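Working notes, beginning with the structure itself.
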Ligand code: A3P
């Protein structure tokens, strides 16, 4: 169920040539106006993708597509080549595994970060509810796996450190960093900042309308229509679960919290990454 490629693990997607296609990904051709939404899983990729897709068309209107159809590691090259411009792609893979041509053309990247404790809870629910994973472990069991990075896409810590390195090593590369928590706290401001980065003119009304259409409740209602209930435990799509900051407090024991903080300090000791908790 998991594809290993050069020591990196990604979920398998439902087409037969996935492994061969994935190996060719670095050779895929980019376009100058391609945009990339990059995030560790469960950091708010769907949300950001939806906001960007509306901003790009300068209309508060849901586009007739979903994030999954634009996910780099989840598509075949022919499909990638035939997507209409501007392509708003998304991925959870590392910068070094992206098509090389993105780097040549300096296609803009929006990079989303979320508090890793909330990511852990969200990812646990994801792994437990998506039937394809066949995962029925306890939260306690999952907690250890997550810390070790024994999950698809690997360790949150390694992923986050890698993006930090990429930004340090390529200061001229256009990467806009966002925090899930800031989007929750001040979405209007964050949407304006995204628009500025993308050099898109917006009015306050447009920003407000986009924000409204991309609210958790509205996305849950609309986007769940695209989910195949047979892929979910109890036939209940769980991609839009709670959409809150700090749900980890309902899951972590005091001991787990201490262990996590200790582990975080060790792993991120040299990092300047700031995690937002509200
Ligand atoms: P929870 O499981 O904590 O609810 P991704 O899109 O990267 O898979 O991330 C999924 C997480 O983002 C889930 O978190 C989901 O509920 C949350 N999410 C999705 N759409 C959202 C929105 N419009 N506003 C806030 N959170 C959202």
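Every number here is computed from the coordinates shown, using simple stated rules; none is lab data. Since we're looking at a predicted model, the values are computed, not measured. Positions of Cβ are backbone-derived with ideal geometry, glycine not excepted, and every protein chain shown enters the neighbour counts.
For segment 1-115, the C-alpha radius of gyration sits at 1.03 times the compact-globule guess of 2.2 N^0.38 Å, with N the residue count.
Kirkwood-type hydrodynamic radius, segment 39-185: 16.7 Å, calculated from all non-identical alpha-carbon pairs. Could you work out how far the C-alpha centroid of segment 85-143 sits from that of segment 185-222, in angstrom? Between the Cα centres of segment 85-143 and segment 185-222 lies a distance of 22 Å.
Computed on the Cα atoms alone, the convex hull of segment 190-235 gives a volume of 103 cubic angstrom per residue.
In this label model, residue 192 and residue 139 are separated by 3.8 nm, measuring between points 7 Å along each Cα→Cβ vector. Considering segment 54-110, its Cα convex hull presents a mean projected area of 4.4 nm². Each 5 Å bin, from zero up to the one with the longest distance, holds this percent of the alpha carbon pairs of segment 1-69: 3, 12, 18, 20, 22, 15, 7, 3, 0. Please give the residues of segment 89-107, grouped as numeric ranges, whose backbone N is less than 12 Å from a label point set 7 Å along the Cα-to-Cβ vector of residue 63. Zone members listed by number: 89-90.
Each residue in 199, 231 was given a count of other beta-carbon atoms within 10 angstrom of its own, and listing them fewest first yields 199, 231. Would segment 221-278 count as rounded, prolate or oblate if I go by the C-alpha gyration tensor, calling it rounded below 1.5 in a/c and otherwise prolate when a/b exceeds b/c, oblate otherwise? Because a/c hits 1.5 or more and a/b exceeds b/c, segment 221-278 counts as prolate.
Based on Cα contacts under 8 Å between residues 6+ apart, segment 99-189 shows a relative contact order of 48 percent. Using a Gaussian network model of the chain with C-alpha springs under 10 Å, which one of 256, 185, 20 is most mobile by mean-square fluctuation? Taking springs between Cα atoms under 10 Å, the residue moving most is 20. Binning all Cα-Cα separations of segment 144-266 at 10 Å, short to long from zero, yields these whole-percent fractions: 10, 24, 35, 27, 4. With contacts taken as Cα pairs under 8 Å and at least 6 residues apart, the chain reaches a relative contact order of 24 percent.
If the segment from residue 221 to residue 13 were pulled out straight at 0.36 nm per residue, it would be longer than the present Cα-Cα gap by 72.4 nm. The equivalent ellipsoid that matches the C-alpha gyration tensor of the chain spans semi-axes of 27, 22, 21 angstrom, in descending order.
Rounded to the nearest 0.05, the FRET efficiency derived from the C-beta distance between residue 185 and residue 131 at R0 = 35 Å is 0.55.
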